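I have placed the structure first, in the form of structure tokens, so that the comments after it can refer back to it.
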Amino acid sequence: MPEKTTNWIIVTGGVISTLGKGVVAGSIGSLLKMRGYKVTAVKIDPYINIDAGTMRPTEHGEVFVTYDGGETDQDIGNYERFLDENIPREHNITTGQVYQEVIRKERNLEYDGKCVEVIPHIPLEVQRRLKKAASNTKADFVIVEIGGTIGDYQNVLFLEAVRTMRLEGEPMIFAHVTYLPIPRTAGEMKSKPAQHSLRALNANGIQADFVIARSDEPIDDVRKEKISVFGNVKKDHVISCQDLESIYDVPLLLQEQRLDELVVKAFGKKPAPLKEKFSAWKELAAKSRNNGKEIKIGVIGKYFNSGDFTLEDSYISVIEAIKHASYYNDAKPIIQWLNSLEYEENPEKLKELKEYDALIIPGGFGKTGVEGKISTIKYARENKIPFLGLCYGLQLAVIEHARNVIGIKSANSSEINKSSEDLVVDVLPEQKKNLEAKNYGASMRLGNYEAVLKKGTKTNELYGKKKVLEIHRHRYEVNPEYHGKLESKGLVFSGLSPEGKLVEFIERDDHPFFLATQAHPEFTSRPLKPNPLFDGLVKAALKK
Ligand code: GLN
């Protein structure tokens, strides 16, 4: 039997960053998958960090954690949501990983005494990783998104890797996502920067097969013609991708212009027909535009500020999970960012929380803003506002309960105050060594872990099963020494790790909806399959 061939779709970006390349890559993938092909995606990040785990969320956006414990770029989350596929950690390649492996091999004499050089050894290692990703997933189409912008120094070696793969006969097409500005003074859309980015791509030996033109407005015929002629791309391969109200509309916009069909044809194949799932997606996209009943959801965090910008990217999976559950329940979520520090400076502000139909405390690290978060949890508990705590959110809810309900006044987490007398949240035993050795990279409790749910609890009802897998990323846990004291006066441990040692889920039996998890359920939410906890929260918000 001949080996299955991989068809490679390489996605590059031009002119500016933050064009939504990940959404475009995911959308192309979702359309191909809806035609019945097996699709996966790979993100290349041209930074020296081995993974995204050591980067501040305000610097680089959310750290998306994969089921197999990778701390990856937030685009992996985009792929999972658009493709409805679990993406393995190896599908996020960074410059750091590539160099680390080449240097490891060199030290182990694996290059047989040769002089090891940037060219060819770095691109060869990139190719090895790409081919491994393809063979492990046996996908018909592998979408590879090269991070950064064409013209950057950092991504040249990755371009070189894919260029030479194509030269060696790998079936491969290039889709260039670029930008057409509409300068206010000119009042018209300009295609010159896009033309230049296509030329810059040419200078790397790469000719784009498709151009995905991002702009505020649809690209008209005149600009399409220009890009086609000056960029050397067929005119019907110039695809308009203007700003839309909802990212879930992007696949539909691309499909209207037959991008998926044209891509399959570009590989010399006859496109398989679109399947039923496409109509489900259409319905979802319509819901994402439509106005169901409004629910106001407050997300209390601290990773919002980057200069003058509010970086919603820090919590992108949480936002998307709220949206999925809302669309599913015909609700329109109004998401508000609440800065926990403000409740510390001005406790009067807590009263404003009354307006919210639900509150979420997402994951977080360190002591900044923690007391503010704890006081919002107290407010939610006392005023019966639906509440969902994610990871740190669970730990802080336990501290709030210990202090204000049980009366353990000095209750704290060793992450916040090591010398507190009552560390109701403490570092996991196996994590102590990591912290002492300053071993911070990829060393948390990461990826999928199982929990066993207590029968008859809300958590159990929402999941509809006894055993659940959710993705984790933490170093601290509810201290087992306090389990007995804590599980009283309204607090229920609704899910524990299989051996019964770690608290995985909590809920209150004196509240309409108060639930928290040590895991990150936002990572498993999919547009057409909301995560049960978010579904529960939205239903409770609608009732409020
Ligand atoms: N900082 C906490 C811990 O490490 C929570 C982590 C998180 O919210 N992801 O356990």
Report task. Using just the helices of the chain, give the 222 nm mean residue ellipticity in deg cm²/dmol: DSSP H runs with n ≥ 4 each add -39,500 (n - 2.57), and the total is spread over all residues, rounded to 500. Result -> -10500 deg cm²/dmol
Query raised in the report: What share of the DSSP beta bridges in the chain is antiparallel, in percent to the nearest 5?
Result: 35
Report summary line: For the chain, the Debye formula with one identical point scatterer on each Cα and no solvent gives log10 I(q)/I(0) at q = 0.06, 0.08 Å⁻¹ as -0.32, -0.57
Requested in this report: Quick one: order THR6, THR18, THR459 by neighbouring beta-carbon count within 10 Å, fewest to most.
Outcome: THR18, THR6, THR459
Query raised in the report: Suppose every K and R has +1 on its Cβ and every D and E has -1 on its Cβ; what is the size of the dipole of segment 149-225 about the Cα centre, in Debye to the nearest 20?
Result: 220
Query raised in the report: What's the extension gain from GLU188 to GLU352 if we count 0.36 nm per residue and subtract their Cα-Cα distance?
Result: 54.6 nm
**Report entry** Scaled radius of gyration (Cα, divided by 2.2 N^0.38 Å) that segment 197-287 gives
**Finding:** 1.21
**Report entry** Least to most buried among TYR153, TYR248 (fewest other Cβ within 10 Å first)
**Finding:** TYR153, TYR248
Query raised in the report: Where does segment 1-86 land on Rg/Rh, using Cα atoms and the Kirkwood Rh?
Result: 1.00
Query raised in the report: What is the order of MET55, MET444, fewest Cβ neighbours within 10 Å to most?
Result: MET55, MET444
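No value in this document is a laboratory result; all are computed from the given coordinates. Everything numeric here is computed off the predicted structure, so don't read it as measured data. Glycine also receives a Cβ, built like all others from the backbone with ideal geometry; neighbour counts cover every protein chain displayed.
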